[in-house]
1. Condition first: part of a helix (DSSP H, G or I), out of contact with any helix residue (DSSP H, G or I) (no Cβ under 7 Å at 6 or more places or on another chain) and open to solvent by less than 60 Å² (accessible area, probe 1.4 Å). Now tell me which residues in segment 193-224 satisfy that.
2. Out of the residues in segment 159-177 meeting the condition of being surrounded by fewer than 12 Cβ atoms within 10 Å (Cβ to Cβ) and of a type in the set (Lys, Arg), tell me which one is farthest from ILE140 (Cα to Cα).
3. Collect the residues in segment 31-61 that are farther than 15 Å from ARG17 by Cβ, within 24 Å of the chain's Cα centre (by Cα) and either open to solvent by less than 60 Å² (accessible area, probe 1.4 Å) or small (Gly, Ala, Ser) (or both), keeping them in residue-number order.
4. With respect to ARG180, determine if the residue is surrounded by fewer than 17 Cβ atoms within 10 Å (Cβ to Cβ), part of a strand (DSSP E or B) and either under 12 Å from the mean Cα position of the chain (by Cα) or without any contact (Cβ under 8 Å) to a residue 40 or more places away in the chain (or both).
5. Anything in segment 73-88 that is under 23 Å from ASN32 (Cβ atoms) and within 16 Å of the chain's Cα centre (by Cα)? List them, or say none.
Amino acid sequence: MSLNMNKESVSYSEYLRNNYPITDIMCGKPRNPIYGVGINDSDYKTQPYDEEGNRLKCPAYKSWINMLQRAYDIKYKEKNPTYRDVTVCNEWLIFSNFRKWWIENHVDGWQLDKDILSPHNKVYSSDTCIYVPSWLNSFILSCKGGRGKYKIGVSWDTKTENFRVHCCDQRTKKQKHVGRFKTEDEAHDAWLKRKLEIALDLKSEMDQVDLRIYPCIIRIIKITV
């Protein structure tokens, strides 16, 4: 990654580890598995109270818990069916293993993504995950299929009785009109062409995040239906 990574969260996690260690009395105390599978083997208090009684939360632990929730919380899966088959690799079921990777890869304000580098991936792991800025995550979500009755990017305009195409401009966050077409296939092809153009415009910004991203994005766009 060529960007200068913002590491305030990493520094804060290290601060908690250095200042709120697990005492000898607490070391032997068993901990309940997180969502039935996660093992919190931390040697420090991940959610301690400060001297004023305020609850502190380790950002590494928070990221780990959020990942486990997406993979193993039944209620979460019911509300978010795209996570139905998602799991976490065995290595990352242990907090200390995830935290080690998190320290090296986390960027403040960015989001953990599991399927940019490997489309359709269902497993959170060090081989498949990467931290990306929110605009890139939004761009990827807008590239994926399953957008209602018609092909992605296409809707029916009842007034003109044509298929209408819109594409989101990632810089303005607004939908831009591409055109109207007689057939659904023509409309989708127009969406595909415009989406590839936008991706090319954003290539330099993607490359600053990770050089692997742009070709993966192109692959994701081209496999949409």
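1. ILE198, CYS216
2. Out of the qualifying residues, it is LYS159.
3. Across segment 31-61, the qualifying residues are ILE34, GLY36, VAL37, GLY38.
4. Yes, satisfied.
5. TYR76, LYS77, TYR83, VAL86, THR87, VAL88
Residue by residue, here is whether (1) free of Cβ contacts under 8 Å to residues at least 40 places away in the same chain; (2) of a type outside the set (Gly, Ala, Ser); (3) closer than 21 Å to GLY109 by Cβ holds:
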residue	(1), (2), (3)
PRO30	yes, yes, no
VAL37	no, yes, no
ASP41	no, yes, no
GLU52	yes, yes, no
ARG55	yes, yes, no
CYS58	no, yes, yes
TRP64	yes, yes, yes
LEU68	yes, yes, no
ALA71	no, no, no
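The values are calculated or read from the model by the stated rules, or taken from the named source; none is laboratory data. On a predicted model such as this, the values are computed, not experimentally measured, just so you know. Cβ sites come from the backbone with ideal geometry, for glycine too, and all protein chains shown count toward neighbours. Note: areas computed on protein heavy atoms with side chains; ligands, DNA, RNA excluded. Shrake-Rupley method; radii C 1.70, N 1.55, O 1.52, S 1.80 Å.
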